[in-house]
Structures are given as C-alpha cells and as structure tokens.
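Participant: First the structure, then my questions, so here it is.
The values are calculated or read from the model by the stated rules, or taken from the named source; none is laboratory data. What you see is a predicted model, and the numbers here were worked out from it, not measured in a lab. Neighbour counts are summed over all protein chains in view; Cβ atoms, including those assigned to glycine, are modelled from backbone coordinates with ideal geometry. Surface areas here come from the heavy atoms of the whole protein model, side chains and all, with no ligands, DNA or RNA. Shrake-Rupley method; radii C 1.70, N 1.55, O 1.52, S 1.80 Å.
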Amino acid sequence: MYDGDFAVRWMAAVAVAVDREAGRLTELDSAIGDADHGANLRRGFTAVAEALAKEPPATPGGVLAAAGRRLISTVGGASGPLYGTLLRRAGKELGEEPAVDREGLARALAAGVAAVGRLGGAVVGDKTMLDALTPAVAALSESFAAARSAAEEGARATVPLRARKGRASYLGERSIGHQDPGATSSALLFAALEEVAEA
Amino acid sequence: MSGDTGGKRVGIVLVSHSADVASAVAELARGLAGGGDLAPVAAAGGLPGGGLGTSAELIAGAARAVDTGAGVALLVDLGSAVLTVKALLAEDDELPEGARLVDAPFVEGAVAALVTASAGGDLDAVASAASEAYAYRKE
C-alpha cells in the first residue's frame, strides 16, 4: 500500500529528475516549442517539493492535490495547468484514503489523464504528453516497471508524429522528427514513480 | 441592454503572456469605450517577476480587483493563458464567484466586453458581445 509519505517521496523524486533533465527538456522544446519547458517544470516541481517538505498532507490524495495546485500557481507555461490538472484530479479521485494500492493509484491517475485530455482538447497521436501518459496509466495496472516502459516508449513514439496541439502545431510538417517535450517529461514522472516504489 | 445587474458592473480581466500586451489592450479598450464611467478592467500579463508567461497569481489578483459581485469576464490570448484560466475555474475557490472564461478575440473582444459592461450589461451580455467580435471579418 502507498501512503502520503510515499506520494511525497514520489513528488520529490520527480523534482530531482526534472532538475537533472531540465536542459534536455528545454533543448527538445527549443526545436518545436518556446524553449521554456525544462525551466518551467523545474520551477514548478521545485516549489512542489519545497511545499510538501514543509507541510506534507497526510494522505496520498492530499499530497497529489496540493502538488497539482502548486504547479498551476507556479509554472507560468502550459505545463503548469496540464500537470497541475493531472495531479489535482488524481488527488481528488483518491479522496481521503490514508493509503492506496497500485490499482487504486492507476485508476486515480487515469482520471487525471482524462481531465488533461478535456482541458487541452488533445487525444493520443496529437504529439502531446497524452502519448506517454495514456499508455503509462494503462500499464500501471500491471506493474510500475511496465508503466515506466510504456511512458518512455510512448514518448519515443512521438518523434514521427505531426503536432496537432499547442505551439508546435503551428510548425505543421516541421514538427515531425522531434520528440515531444511534454511526453518526455511525462515519462520522467513514471520513471520516478517506479524508482520510489521499488526503493 | 439585457439583464439587470443592479447597478453593479461586470469586471473584465485581460490575460496575456505579455504584461505589455495586457496593459496596452486594457488601455486601448478604455480609450475606445469612450468617456464616462467605465466598468472595471484589469490586466494580468506575463509573470510576476517580468518575462513572458501566464501567472495564476496575477490572474486571481486581477479577478478579485475587478469583482463587484456582477461576475468577471476573463479574456485570454493563447496557449497557457487559456489552460491556466480553465484550470483555475475548475477549482471552487481560486477565482471569484461568477468568473467566466470568454471565448473571444483578444483585442476586439476586450473592446466589445468593456463597452457592454460599462453600459450595464450582465455577464451573458458581456460574453456574447465579446464572442460576436469573431464574426467581424476584415476582408
């Protein structure tokens, strides 16, 4: 079972991963976006980790909801409301349960991913974070490792796609051949989740 | 004018990635809305420390500043401005009651919204006036 402390460690691990990969995310974003994805997510998840270290909510739902709200208020780019909605919706779905199992977490994250789709109006194949998140939450019912692989595979699979949402969509055909930064950072979330779960 | 707001007027928030764009469009709308007593309009542009981006904090602050109880119309430029306002509206307590994202062209919609709100139009009237600005073709 996974409790509030687990969720805090997950968010802290995401903050570490985003900090480590910020340069790469920004590089990917400079090819098809506005070159701020790494810096924006680093600002957001650093703020999340700091807030959670100071005042950790007791339940995993409380942790994810607080993290989501923090991202919305600190990021400053589209990734803020998108990741914020993912975590906030997942947190609300978990409710006040003191601990959840992997299947429960998978269901909550699936609700979060659905909310991201509604917010941005994107679907799988549009070259967005959903291309990593959607297969990852589906595979999470199997194992943490499967979720991580599915997310990484989903992110790599965005390379030949043409962007249909966000700034990258203005590039049309020229967005083909680049890995989507949002799908790449989404894979970091699931890599961190596996790390913390298997630790 | 449809809808009686009981003397209170709809507030307008202009959200842009750029502080300069948001404040200049607010100024333009005030100038084009004519003289007299205008409805409250506030700019929420860029990031709090400067730079391009969307700030939930500035948006929420601007919405509170123009809220007189008749509702708040939020007009946005693109991308994260749209998504941030939608994400804030999905929470119960982030924006004043009666806050609404208005689907409108930013500049033309701002002028239409301010004219309508200043004339005492309710939130529905302000929102439809701003949205109708899409229908004005330029060629």
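Participant: Just one of the numbered conditions (1) open to solvent by 40 Å² or more (accessible area, probe 1.4 Å); (2) within 13 Å of chain B (Cβ to nearest Cβ) is not true of residue A:23; which one?
Facilitator: Here residue A:23 clears every test but (2).
Participant: Can you go through B:115, B:126 and tell me which one is of a type outside the set (Phe, Trp, Tyr), at pLDDT 95 or above and open to solvent by less than 60 Å² (accessible area, probe 1.4 Å)?
Facilitator: Only one candidate passes the filter, namely B:126.
Participant: For the stretch B:61-69, does any single residue satisfy the condition of being without any contact (Cβ under 8 Å) to a residue 24 or more places away in the chain and closer than 28 Å to residue A:72 by Cα?
Facilitator: Within the stretch B:61-69 (the criterion being without any contact (Cβ under 8 Å) to a residue 24 or more places away in the chain and closer than 28 Å to residue A:72 by Cα), the answer is yes, since at least one residue qualifies.
Participant: I've got another one for you. Return yes when residue B:60 is touching a helix residue (DSSP H, G or I) at 6+ places or on another chain (Cβ under 8 Å), in a helix (DSSP H, G or I) and farther than 29 Å from residue A:90 by Cβ and no when it is not.
Facilitator: Answer is no for this residue.
Participant: Of all residues in the stretch B:67-95, how many are buried (at least 24 other Cβ atoms within 10 Å of the Cβ) and assigned to a helix (DSSP H, G or I)?
Facilitator: The total comes to 6.
Participant: Between residues in the stretch A:108-135 that are more than 12 Å from every other protein chain (Cβ to nearest Cβ) and over 17 Å from residue A:189 (Cα atoms) and residues that are surrounded by 22 or more Cβ atoms within 10 Å (Cβ to Cβ) and among the charged types (D, E, K, R), which pairs lie under 9 Å by C-beta distance while being six or more apart or on different chains?
Facilitator: A:124/A:131; A:125/A:131; A:127/A:180
Participant: Being crowded, with 16+ Cβ neighbours inside 10 Å and among the basic types (Lys, Arg): is that true of residue B:138 here?
Facilitator: Judged against the criteria, residue B:138 is not a match.
Participant: Right, something else. Does residue A:8 count as surrounded by 24 or more Cβ atoms within 10 Å (Cβ to Cβ) and either modelled with pLDDT of 95 or more or part of a helix (DSSP H, G or I) (or both)?
Facilitator: No; evaluated as a whole, the condition is false for this residue.
Participant: Considering only the stretch A:35-90, state which residues are open to solvent by 10 Å² or more (accessible area, probe 1.4 Å) and closer than 19 Å to residue A:131 by Cβ.
Facilitator: Passing the criteria: A:37, A:78, A:79, A:82, A:85, A:89.
Participant: How many residues does the stretch A:68-82 hold that are in contact (Cβ under 8 Å) with a residue 60 or more places away in the chain and either more than 10 Å from every other protein chain (Cβ to nearest Cβ) or not hydroxyl-bearing (Ser, Thr, Tyr) (or both)?
Facilitator: 2
Participant: Kindly provide the set of residues from the stretch A:152-199 that are surrounded by fewer than 22 Cβ atoms within 10 Å (Cβ to Cβ) and of a type in the set (Phe, Trp, Tyr), ordered by number.
Facilitator: The one that is surrounded by fewer than 22 Cβ atoms within 10 Å (Cβ to Cβ) and of a type in the set (Phe, Trp, Tyr): A:170.
Participant: Only one of A:128, A:85 is part of a helix (DSSP H, G or I) and among the polar types (S, T, N, Q). Can you tell me which?
Facilitator: Exactly one residue qualifies, and that residue is A:85.
Participant: State the number of residues belonging to the stretch A:48-68 that are more than 15 Å from the chain's Cα centre (by Cα) and under 22 Å from residue A:116 (Cα atoms).
Facilitator: The total comes to 3.
Participant: Moving to a separate point now. I'd like the residue in the stretch A:145-173 that is touching a residue at least 60 places away in the same chain (Cβ under 8 Å) and in a helix (DSSP H, G or I) and, out of all such residues, is nearest to the other protein chains (Cβ to nearest Cβ).
Facilitator: Across the stretch A:145-173, the extreme among qualifying residues is A:167.
Participant: Let me ask another. Being modelled with pLDDT under 95 and among the aliphatic types (A, V, I, L, M) is the filter here; which residues of the stretch A:29-67 pass it?
Facilitator: A:31, A:32, A:35, A:39 - these are the residues of the stretch A:29-67 that are modelled with pLDDT under 95 and among the aliphatic types (A, V, I, L, M).
Participant: Could you say which residue among A:103, A:93, A:142 is open to solvent by 20 Å² or more (accessible area, probe 1.4 Å), in a loop (DSSP other than H, G, I, E, B) and away from chain B (no Cβ under 13 Å)? Break it down stepwise before answering.
Facilitator: Values: A:103 fails: in a loop (DSSP other than H, G, I, E, B); A:93 fails: in a loop (DSSP other than H, G, I, E, B).
Answer to the check: A:142.
Participant: While we're looking at this one, here's another question. Please pick out the residue among A:130, A:119 that is surrounded by 24 or more Cβ atoms within 10 Å (Cβ to Cβ), over 15 Å from residue A:18 (Cβ atoms) and among the hydrophobic types (A, V, I, L, M, F, W, C).
Facilitator: A:130
Participant: Looking only at the stretch B:41-57, how many residues end up being under 17 Å from residue B:106 (Cα atoms), in contact with a helix residue (DSSP H, G or I) (Cβ under 6 Å, 6 or more places away or on another chain) and free of Cβ contacts under 8 Å to residues at least 60 places away in the same chain?
Facilitator: 6
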